[in-house]
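The values are calculated or read from the model by the stated rules, or taken from the named source; none is laboratory data. This one's a predicted model, so the numbers in the text were calculated from it and none came from an experiment. Heads up, the Cβs are rebuilt from the backbone with ideal geometry, glycines too, and the neighbour counts pull from every protein chain shown.
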Amino acid sequence: MFEISSQDPSSRARSGYLRTPHGVVETPSYVIVATHAEVRTLRPEDIPQTNTQMLIANTYHLWRDLGTEGLSDYPGLHTAIGWPGPIMTDSGGFQVFSLGFLREKGLRRGGTIETPRLGEGIVRVTEAGVYFRPDDSNTEEYLDAELSIKIQEDLQGDIVVAFDEPTSPAAGYEETEAAMQRTHKWAERSLEARYSKQKIYGVVQGGAFKDLRKKSAEFIGAMEFDGLAIGSTYGDAYGGTKAKTMEMLEWSIPYLPIDKPRHLFGVGRIEDLLSGVEAGIDTFDCVIPTREARHGRIWTRKGPVDVKKSIWSESRAPLDEECSCPVCALGTSRSHLQGLFRSKDMEAGRLATIHNVYFFNDFMARMREAIKSGEFAGFKKEVLRALKLQSPRGRGLKI
Ligand SMILES: [Zn+2]
């Protein structure tokens, strides 16, 4: 399934080819988010123009959207999205965790996080699976390894993910260890539940504890998974930090088999992509390119630009002078895009999304070239300097 073609001599960065039934993904690669089986604001024919290689759809949301009945005669994600290329789905574990974490733990930035009480509240974790009450329902729902795999099989993506129990990086040792043990059991059950030829990834847990990360990486890494993902590497919204995320990668990746592809969920800022690839990650998914585009935050090689700001009202400057995306190729100016945003024209989000997704895909292509030519370290330095970023705690320039 995975072939490494180049290995950086001074780090764990590598480039390679991830083969799926719907095409080959050159890695490192950005996986573009299609939560409800659509890339928001884009038409299906726009997606190939952004040089996107793989999409990720969301198991939990699609399950909630479609229901069990809707899933049984679902035509499959490729048809639903109108995208013939590779698609992966996630396990649904994160949304359940997030539901409980955000609503139950009274999260405050920088605040303390209470240990969840098993068997109580909005999310009840049991050894068998998870009971939860979704935002839009008072009825208790249930999700476990077998059901997660069944939903993902019905969605018919190319890559599915074993059901797992994420934890906050701020969670205590006992809670994190118990969640990791359940994740390991659910990983075994997920492998047994699979009946199609879809590729399956296992998820490494272990929170912010070095010994647990090692244990989990060794356990999941030794199983019959086609690929591996590193779970619970959350930023400040879930009680973590960027520095902690990179530490968690360092504690996990050395214990994973070298020849299997590695995915990092929910991480996608420029500086984190560089550090993640350096640590040995092959694919990333994140809402940054699409969500920021919808808010008028346009990415350029010199940093992000808020195109809605009045300084661009008269600007004939292109979105990014070095970009060759279809929107920039048409000569779209910053003032034109601003006008579309101000008049709430649907095209605003679409054009910005095409540009941003293209930008991040192009960035990954440049990173692949740097790895192939043995210049990754220099590339990383140059990009961080151009964007005035630091690794791994840097913040984006606000132009
Ligand atoms: Zn562009």
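Quick notes on this one:
- Taking strands (runs of 3 or more DSSP E) as the structural unit, those lying wholly within the stretch 1-74 and holding at least 1 residues that are aromatic (Phe, Trp, Tyr) and more than 27 Å from Asn356 (Cβ to Cβ) correspond to 2-7.
- In the stretch 130-150, the residues that are hydroxyl-bearing (Ser, Thr, Tyr), at pLDDT 85 or above and over 14 Å from Ala162 (Cβ atoms): Tyr131, Tyr142
- Filter result for Ala162 (within 20 Å of Leu147 (Cα to Cα), of a type in the set (Gly, Ala, Ser) and over 16 Å from the mean Cα position of the chain (by Cα)): no
- When the strands (runs of 3 or more DSSP E) confined to the stretch 277-334 are screened for residues that are in contact with a Pro (Cβ under 6 Å, 6 or more places away or on another chain) and surrounded by fewer than 22 Cβ atoms within 10 Å (Cβ to Cβ), none reaches at least 3 such residues.
- Close Cβ contacts (under 7 Å, 6 or more residues apart or on different chains) running from residues in the stretch 199-227 that are free of Cβ contacts under 8 Å to residues at least 40 places away in the same chain to residues that are polar (S, T, N, Q) and in a loop (DSSP other than H, G, I, E, B) comprise Ser216/Gln205.
- Of all residues in the stretch 335-350 being of a type in the set (Lys, Arg) and either buried (at least 19 other Cβ atoms within 10 Å of the Cβ) or part of a loop (DSSP other than H, G, I, E, B) (or both), the one that is farthest from the ligand (Cβ to nearest atom): Lys344
- Pair list, Cβ under 6 Å, 6 or more apart: the stretch 323-352 residue more than 17 Å from Ile47 (Cα to Cα), other residue within 13 Å of the ligand (Cβ to nearest atom) and basic (Lys, Arg): none
- For Pro134, the conditions (1) in a loop (DSSP other than H, G, I, E, B); (2) touching an Asp or Glu at 6+ places or on another chain (Cβ under 9 Å); (3) closer than 30 Å to Thr20 by Cα; (4) not small (Gly, Ala, Ser) all hold with the exception of (3).
- Checking the stretch 295-309 against the condition returns a match, with at least one residue being away from the ligand (no atom under 13 Å from the Cβ), free of Cβ contacts under 8 Å to residues at least 24 places away in the same chain and not charged (D, E, K, R).
- Hey, Arg368 away from the ligand (no atom under 14 Å from the Cβ) and at pLDDT below 95 or not: no
- With respect to the stated conditions, Pro318 fails to be in contact (Cβ under 8 Å) with a residue 40 or more places away in the chain and near the ligand (Cβ under 9 Å from one of its atoms).
- If you check Ile270, Ile253, Ile281, Ile288 for being of a type in the set (A, V, I, L, M, F, W, C) and in contact with a strand residue (DSSP E or B) (Cβ under 6 Å, 6 or more places away or on another chain), only one passes: Ile281.
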